[in-house]
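A quick write-up on the structure given underneath.
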Amino acid sequence: MRLSPLRSVPRVDLLIGLAIIGLGTLEAFTVAPAYNEPRPELWWVAQALVTGVLVWYRRTAPVAVFILMILAQYVWHRQGNPGCPVWQLAALLIVFHTIGAHLPFRPGGTWALVGILVFDSGAVDHRFLPFEEVIFLTVMFGSAYATGLALRGYLLRVHRMAERAARLEMERERRAAEAVAAERGRIARELHDVVAHSVSMMVMQAGALRRRMGASQEGERSPEATILSGIEQAGREAVEELRIMLGALRMPQDEALPQPGLDMVPNLISTVGSSGLRVTLETEGEPVHLAPGLDLSAYRIVQEALTNAVKYAGDADARIRIAYHPDRLELEITDNGGGAGSALSTGNGLIGMRERAELFGGSLDAGPLPQGGFRVRATLPISQGVPMSEATN
């Protein structure tokens, strides 16, 4: 038998073993002198130390400790000690309990029965035990084993309940994932059948009308045809985005969907250019590779600000300024149009932009300018990013 290191022994076993040693030492100096033997205290203390160490390792090797405890009792009585001190009796009850708690029912019951028969037969103390003492030992050691058996049954039930709870949780998560996948599929079908179809029809009708106007007019292209061309182009881009979204909804949830970022702002400017809004882009500082969520939120803020400029500024000039600082990203979108600032300040657009900024610990200010027009300014904290030139290499 190889005993484990002392530091691996459970603390409760250490405390019980120390209590056995302390009680044995106390009895050695209070009870042992009455035996009229030369220095009996030393033998009692040594026996208490051995018993305490065995109790320490009772869980590591329950059968070995059980056998050694019975042999220690045999040696104790062979030295001429007729009785069983309290500390030895307590240690025996503990190891009987351990046999019931840490061994399966059949081997544990067999060892407990063998131990009870060894004590009841008088093989340990070399004497014939009266019937009353046999009953006492049987009930005492049997009860200790029964408490261990009850504890083992309780722990097994707790373990089975924990496993069952884990299985139920996994099943619940699986069903939830299936429900989400089914809902995503339903949304994808509805988007395809309703929204994508309607937008496609709008694109086809705008294209047909643009071609009719181009065929009926000669010379320079009319402003109406330019507007229709912009509508047609925006519709095609909307259909393409819908196609990407539908593909993402049909994909497993754990697969990533590429999201737009600030690198797509030039494409956004070209899209809104046909609406009559003239947009210029200014970039300050060295662009860095932003976290995907932050990059997406920054793009959506610019997109929403430009959308509102198209709605309310009319035929005007707009300027987008993207400034990269070591600790923050600044976005500023201004226009010099008539601007219905109050419409933006009370709508969902400003609320959505502000929520996106605050999600990353930033801030957003929006309002009319003194000289006319409207401005949206957002500040988003960033960690030390990687320069875009290095991220693309």
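The values are calculated or read from the model by the stated rules, or taken from the named source; none is laboratory data. Fair warning: this is a prediction, and the values are worked out from it, not measured in the lab. Neighbour counts run over all protein chains shown; Cβ positions are idealised from the backbone, glycine included. Areas reflect the complete protein model, heavy atoms only, side chains present, ligands, DNA and RNA absent. Shrake-Rupley method; radii C 1.70, N 1.55, O 1.52, S 1.80 Å.
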Filtering segment 65-100 down to residues that are of a type in the set (Gly, Ala, Ser) and farther than 17 Å from Tyr145 by Cβ yields Ala72, Gly80, Gly83
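With segment 290-393 as the region, which strands (runs of 3 or more DSSP E) entirely inside it contain at least 2 residues that are at pLDDT 85 or above, in contact with a Lys or Arg (Cβ under 8 Å, 6 or more places away or on another chain) and open to solvent by 30 Å² or more (accessible area, probe 1.4 Å)?
Details: elements: 317-324, 328-335, 363-368, 374-381.
Result: 363-368, 374-381.
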If we keep just the residues of segment 9-42 that are open to solvent by 30 Å² or more (accessible area, probe 1.4 Å), in a loop (DSSP other than H, G, I, E, B) and farther than 16 Å from Gln88 by Cα, which is modelled with the lowest pLDDT? Asn36
If a residue has to be within 16 Å of Trp76 (Cβ to Cβ), small (Gly, Ala, Ser) and part of a helix (DSSP H, G or I) to count, how many in segment 100-135 make the cut? 1
Failed criterion for Leu89 (all others in (1) modelled with pLDDT of 85 or more; (2) open to solvent by less than 30 Å² (accessible area, probe 1.4 Å); (3) part of a helix (DSSP H, G or I); (4) not acidic (Asp, Glu) hold): (2)
Number of the condition not met by Ala144 [criteria: (1) among the aliphatic types (A, V, I, L, M); (2) at pLDDT 90 or above; (3) out of contact with any His (no Cβ under 6 Å at 6 or more places or on another chain)]: (3)
Result of the Cβ filter at 7 Å on segment 133-147, keeping first residues that are open to solvent by 30 Å² or more (accessible area, probe 1.4 Å) and partners that are charged (D, E, K, R) and at pLDDT below 90, at least 6 apart or interchain, is Val134/Asp120; Thr138/Asp120
